[in-house]
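Down below is the structure, laid out as structure tokens.
The values are calculated or read from the model by the stated rules, or taken from the named source; none is laboratory data. The shown structure was predicted, so the numbers you read here are calculated from the model rather than taken from an experiment. Here the Cβ positions follow ideal geometry from the backbone for every residue, glycine too, while neighbour counts run over all protein chains shown. Just so you know, the surface numbers come from the protein's heavy atoms only, side chains and all, with ligands and any DNA or RNA stripped out. Shrake-Rupley method; radii C 1.70, N 1.55, O 1.52, S 1.80 Å.
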Amino acid sequence: MRITKFGHACVRVQGDGGVVVIDPGVFTDPGALDGADAVLITHEHADHVHPDHLRGSGVPIWTIAAVERLLREQAPEVADRVTVVRPGDRLEVAGTAVEVVGEKHAVIHPDYDRFDNSGYVLESGGASVYHPGDALTPPGRAVDVLLAPVSAPWLKVSEAIDFVREVGAPRSMGIHDRVYSDIGLDMVATHMGNLLPEGQAFERREPGQDL
């Protein structure tokens, strides 16, 4: 399995059967979709789904009902390529086994309504990776790699660290990182290095770099 970081929350996963792109949003270069065989989208926020990127590609899309509704309103020609998934679903996408995990976005503020959000565990070639979207919902199983959100209006560094600890993956790569400066991201990496237990490593990658 080859995992490539793209802008913000977007990641490409090259498995045995093809390329799956997760969450190509407004902070993602549209080139992230070049050569993709499938797209997974965790929720409806613009930093995770950008209809213009999807218009420029004929790739099939798997996502939750809230995103399907958004695409039907904003890009109906894209919505025709959508398959709706639900928490607990198990499916095969581009030759990669996918499990749909969780149902709700993390709390931004108690006065806001909760958004739907489902993460994805992908497994191929005996390796597994978990993208939680904008949630701190554990996958309910062991995974080899966690794509760990590190900066957001709904997240502080202690929560990010505790989530990485709870999932317990041997390797975690920081995602959801566009709103921090390089100084802020270096601080996150330092805290992760100081506070993660033995056997867990946190790694930072720039857009276009592989894990």
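Tabulated values for the structure
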item	result
Residue tally, condition outside any loop (DSSP other than H, G, I, E, B) and among the small types (Gly, Ala, Ser), over segment 1-34	2
Verdict on VAL85 being over 18 Å from ARG171 (Cβ atoms) and modelled with pLDDT of 95 or more	yes
Verdict on ARG69 being part of a strand (DSSP E or B) and of a type outside the set (Asp, Glu)	no
Residue match in segment 174-193 (condition: assigned to a strand (DSSP E or B), open to solvent by 80 Å² or more (accessible area, probe 1.4 Å) and over 27 Å from ARG114 (Cβ atoms))	no
Filtered residue count, segment 76-101, keeping only those that are open to solvent by 20 Å² or more (accessible area, probe 1.4 Å) and either out of contact with any Gly (no Cβ under 9 Å at 6 or more places or on another chain) or outside any strand (DSSP E or B) (or both)	15
THR42, sole failed condition from (1) surrounded by 23 or more Cβ atoms within 10 Å (Cβ to Cβ); (2) of a type in the set (Ser, Thr, Tyr); (3) more than 14 Å from the chain's Cα centre (by Cα)	(3)
Single condition LEU54 does not satisfy, out of (1) farther than 18 Å from PHE115 by Cα; (2) open to solvent by less than 40 Å² (accessible area, probe 1.4 Å); (3) among the hydrophobic types (A, V, I, L, M, F, W, C); (4) touching a residue at least 60 places away in the same chain (Cβ under 8 Å)	(4)
Candidate set from segment 102-128 (those that are acidic (Asp, Glu) and part of a strand (DSSP E or B)); member that is least open to solvent (accessible area, probe 1.4 Å)	ASP116
Verdict on ALA142 being touching a His at 6+ places or on another chain (Cβ under 7 Å) and farther than 14 Å from ARG204 by Cβ	no
Residue in segment 130-144 that is open to solvent by less than 50 Å² (accessible area, probe 1.4 Å), out of contact with any Cys (no Cβ under 9 Å at 6 or more places or on another chain) and at positive phi present	yes
Options ASP16, ASP23; residue that is in contact with a strand residue (DSSP E or B) (Cβ under 8 Å, 6 or more places away or on another chain) and closer than 20 Å to LEU155 by Cα	ASP23
Failed item in (1) open to solvent by 50 Å² or more (accessible area, probe 1.4 Å); (2) within 27 Å of GLU206 (Cβ to Cβ); (3) without any contact (Cβ under 8 Å) to a residue 12 or more places away in the chain, with ARG72 passing the rest	(2)
